[in-house]
Structure formats: C-alpha cells, structure tokens
Amino acid sequence: MLKIYNLLEMITMITAIRGMKDILPPETGRWQVVEQTARELFALYGYQEIRLPLLERTELFARSIGQDTDIVAKEMYTFLDRHGESLTLRPEATAQVVRAVIENRLLKGAGVKKYYTLGPMFRYERPQKGRYRQFHQINCEALGSDAPELDAEVILMLLALLKRLGLGQVRLLINSLGCPACQKDFRTQLSSYLHSKSGWCPDCQRRRDTNPLRVLDCKSQHCRELLAAAPVMRDFLCPDCHTHYSRVKALLPSQSFEEHPRLVRGLDYYTRTTFEVVAPGLGAQDAIAGGGRYNGLIKDLGGPDLPGLGFAIGQERLMEILPSEVGANHPSLVFLAALSPEAREQAFVLLQEMRQAGFAADMDFDDRSLKAQMSLAHRRGATFVVIMGEQELASGEVVLRDMISSRQQTIPQQQLLTVLAQQLRL
Ligand code: AMP
C-alpha cells in the first residue's frame, strides 16, 4: 500500500526547475543575517535601497552588457509577452539600476548617488555547485564621480562586509581596464596576438574578431594556456588611467589586494578599475563578488555623461563559506502546554500577551497529551515550558519548567512575564 502511495506521489509530484532551488529554514535565517548586516553597513556609507522589477526590456541588457558576452549571447531568459514585446528576466542589476536612476531622475544635483539592491538574477547557465539559473545578488552602485577615492571606498566597503560576516580569508583581485582610448591600442595588439596562435575554442575564434577582450575571460583551459604570453592591459594604460589606477592601489591597504593583469569579467561595460573577490574552498566557482567602474554606461543608456562603479556579491556562494555560527542564534522559545480545553483557551490568550511582551512563544493547538506536548517543545528547542492544567487554572498559577536544568516551579500566572524576563535576561 505504502509503495503504491509513494509511486503515485512520484508520478504527480511537481518539482522545482533545474538550477533553481528552494531556500529553506534554518538556511533562510542565515540569509536574513547576511542581508541585515549588509543593510546596516551600507547605511553607514550612505547607500539607500532601491527595489527593481525582475523583468526588463531585452534591449536594456543587450545594449549594456554587450551582444558578444556569454550572458547576452546564450544565458538570458528572454521571451515575447502577449503583445510581442521582447522581455528578459534580469541577469544582473547594474544596467537596471542605471536605467532606473535615469528614468526616475535620481542623478540630479551634486554629489555621489549611492544605491543598493538585493534580489534574484536569472542566467541560463549549466547548473553545478555554486552556479544556478536563479541566484541572488547583493548589488551596490555609486554614481557620479570618477574619484579614485570612490573606487577605494566601494572596495573597502565590500571587504568590510565580508569581514563583518566572518569572511576575512578572501582574496581581492584587481585590475584596470583603462578607458576606451587606451583600450583601442590594446585591442589591436591583443587581436594580432590572438591571430598569431591557433587552437582557440570556437567561441574565441569568433571573439578574436568581434570582441578580443572577451577571449581573456574564456573559461576553457586550453584558451587560458594560449593566453599565457598575451599582452596585458596594464602596459597600455594612458597617463590618466595609469594615475587613476595607481591612486586606487595606494588608497587600499597593500596586503588587502593582489593585482591580476588578465582580469576582465564577463560584461562589456567595465572601464578602469575592475575587481573580483575569490574565496578558498569553493572549487571552480570561487568568485563570490565582482565589480568595477562603468564610466560610459550611464551615457550609453541615454543618461548624462556621468561615471559610476559598483559590485555584486553572489549570495549562494557567500552562504557556502559563511561560518556556521552566523545565524545560529535564535530567540529563546517559551512553549505553552495546556492540559484541557479550558486551559488551552487561557493559554491562547497568554500566548498573545507573551508575544506582545517580546517573547518568542508557541503552543500546540491539537489535543495532545502532556508527554506529547513536552516532546514537541523539546523538538522545537524550547528553553521554557509553561504548563497549564485544571489545578493551575483553579489556583491562578502556572508551572514553569526550565528545559535545560529540568527544574520546575509553580508561580502565579500574573508573575509569569516578569519571571521569564528575569530568567531570559530580556
Ligand atoms: P557577475 O554579475 O557575473 O559579475 O557576478 C557577480 C557574482 O554573482 C559572482 O561573483 C558570483 O558570486 C555570482 N554569480 C554569477 N553568476 C552566478 C550563477 N549562475 N550562480 C550563482 N552565482 C552566480
């Protein structure tokens, strides 16, 4: 009988889509701690939250991220809506933030504008450990200044967040991609290097002509080997970009970063400073955050000619390496065990009073024995159980059981909240 039931269940069960996972308790508690820590820290640096739609016009991403990037060429969830308009589930947030600040005229007035946003992103990648089709990012964007101090501030804030979360052991890789003027020479040199070698993967054979910088980002081991002697951007920086990069490095503690001259990242809009944070112990997908400057993006998307930079943290990867003690603290639970329908009625009232007074409290609504209720309380990790039976009801008292020491005391119901506050040091 059981077997038939299991079989039926298997046939009718609808599962989540490949590469999209449910995030369940107690893991959700850890996510909340990360998000709360981020919110608190970002506020110290003057960032405000911005909440954006999950769907955008496809053109937004095609124009900003770049036609020849993996994201736009093969990873976007794009579809036509009922009116035939091409829409895309956002694969990243920067283009969206820029679209939103232009559209809502948030760039008006002097000073840097700082925004953060949290939420899911969608990319049709091959799912594996640390790589999902729906994943979550924490994004920060600082718009309106090209000062190297802002680059340093953004990077230092990212490191400060990771440190607050107990992740001091990460590596920060940085590079400068220069401006379009210095990239021009570099592209020419890189392109002739790429044509001087053979054996590139089919994607890189195409990219050699369309967008040679993308070849630097290729994941194929063979292409990486072929790139070993390729020219590096650092040698092509114009004097302004060189000074900018030197200043950013000077503003960061010297032991906090490593220069990575081939770092390009997977999106076309980056200029000047680019960076990535990698963490040990994550295997192939070891980048937990990445970002950089995008000085031409705001203008390209129809806004004023203002510079900007930002970063995105991949939350799933962050959670993988988050110390186990983060999010392990839960408020002490007080469980009410009622032994009769009348007692349950009173317990229900008391339950609401306890929550109003700030105690995490719960009870069982079904008619279970005291033993069953005690074992439920134990399974829920209750610190105290308040027992209410006929006798207690008649005398206006309750039995308070300390689940850790197993000590019990009978106290007047009116004193319960005061006693609990003392015991739990609220
Ligand atoms: P990107 O938007 O590509 O610069 O990525 C920023 C960060 O998002 C990366 O460093 C990863 O931590 C995370 N990330 C990107 N793609 C995925 C994915 N498919 N699954 C999980 N995390 C991802």
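Straight-line reach only, C-alpha to C-alpha below 20 angstrom: list the lysines that LYS21 could link to, leaving out same-chain residues fewer than 8 apart. Answer for LYS21, where 20 Å is the Cα cut-off: LYS129, listed by chain and number. Taking the protein heavy atoms of the range 1-147 in the context of the full set of protein chains, the accessible area attributed to carbon and sulfur is 57 percent at 1.4 Å. The lysines whose alpha-carbon is closer than 19 Å to the alpha-carbon of LYS114, local same-chain residues fewer than 8 away aside, are LYS299.
What does a probe at GLN414 reach in the range 379-401, counting residues whose amide N is under 19 Å from the point 7 Å along Cα→Cβ? The answer is 392-400. When the trypsin sites (Lys or Arg not before Pro) in the range 119-160 are filtered for DSSP coil states and for at most 16 other beta-carbon atoms within 10 Å of their beta-carbon, the remaining sites are LYS129.
Listed by chain and number, the aspartates and glutamates whose C-alpha is less than 15 Å from the C-alpha of LYS113, apart from same-chain residues fewer than 8 away, are GLU49, GLU103, GLU141, ASP146, GLU149, ASP151, GLU153, ASP305.
Using a 7 Å offset from Cα along Cα-Cβ at LEU52, what residues in the range 303-321 end up with backbone N under 17 Å from the label point? Residues passing the 17 Å test: 303-304, 306-315.
On a per residue basis, the chain carries 52 Å² of accessible surface, using protein heavy atoms and a 1.4 Å probe.
For the chain, the mean residue ellipticity at 222 nm estimated from helices alone is -11500 deg cm²/dmol, where every DSSP H run of n ≥ 4 contributes -39500 (n - 2.57) and the total is divided by all residues, rounded to the nearest 500. Sorted from longest to shortest, the spans of the Cα atoms of the chain along the three principal axes equal 91, 57, 44 Å. In the assembled protein chains, ARG368 presents an accessible area of approximately 100 Å² (probe radius 1.4 Å). Of THR37, THR210, THR69, the order by accessible heavy-atom surface (1.4 Å probe, DNA, RNA and ligands excluded), from most exposed downward, is THR210, THR37, THR69. Share of pairwise Cα-Cα distances greater than 16 Å in the range 301-417 is 67 percent (whole percent). Between THR78 and ARG380, the contour length at 0.36 nm per residue exceeds the alpha carbon distance by 104.3 nm.
Computed extension gain for ALA160 through ILE23, at 0.36 nm per residue and net of the alpha carbon distance, reaches 46.8 nm. Here the spin labels are modelled as points 7 Å beyond Cα on the Cα-Cβ line, and at ASP362 and ASN329 they lie 2.1 nm apart. Each of LEU107 and ALA181 was given a label point 7 Å from its Cα along the Cα-to-Cβ line. The distance between the two points is 2.0 nm. Modelled spin-label separation between GLU353 and SER86, with each label point placed 7 Å from Cα along the Cα-to-Cβ direction: 6.5 nm. A quarter of the convex hull surface defined by the alpha-carbon atoms of the range 54-125 gives 5.7 nm² as the mean projection. Placing a label point 7 Å from the Cα of ARG224 along the Cα-to-Cβ direction, the residues of the range 183-210 with a backbone N closer than 15 Å are 201. For the range 285-342 and the range 201-270, what is the centre-to-centre distance using only Cα atoms, to the nearest Å? The range 285-342 and the range 201-270 have Cα centres separated by 27 Å. Measuring only protein heavy atoms, the 1.4 Å probe finds GLU56 accessible over about 20 Å².
Within the chain, helices built from complete DSSP H runs that reach 20 Å or longer along their own axis (Cα positions) and carry a mean Kyte-Doolittle hydropathy of 0.5 or higher are 148-164.
Remark: the range 19-140 is approximated by an ellipsoid whose semi-axes, taken from the C-alpha gyration tensor as √(5λ), come to 25, 23, 12 Å, largest first.
Protein heavy-atom surface of the range 333-424, 1.4 angstrom probe: 48% of the accessible area is carbon and sulfur, with nucleic acids and ligands not counted. Add +1 for every Lys or Arg and -1 for every Asp or Glu among the other residues with Cβ under 15 Å from the Cβ of VAL112, and state the total. Every neighbour counted, the sum reads -1. Sorting HIS136, HIS378 by solvent-accessible area of protein heavy atoms yields HIS378, HIS136, largest first, with a 1.4 Å probe.
The values are calculated or read from the model by the stated rules, or taken from the named source; none is laboratory data. Note that the coordinates shown come from a computational prediction; the quantities given were computed from them, not determined experimentally. Please note: Cβ atoms are built from the backbone with ideal geometry, for glycine as well, and neighbour counts cover all protein chains shown. Accessible surface areas use protein heavy atoms only, side chains included; no ligands, DNA or RNA. Shrake-Rupley method; radii C 1.70, N 1.55, O 1.52, S 1.80 Å.
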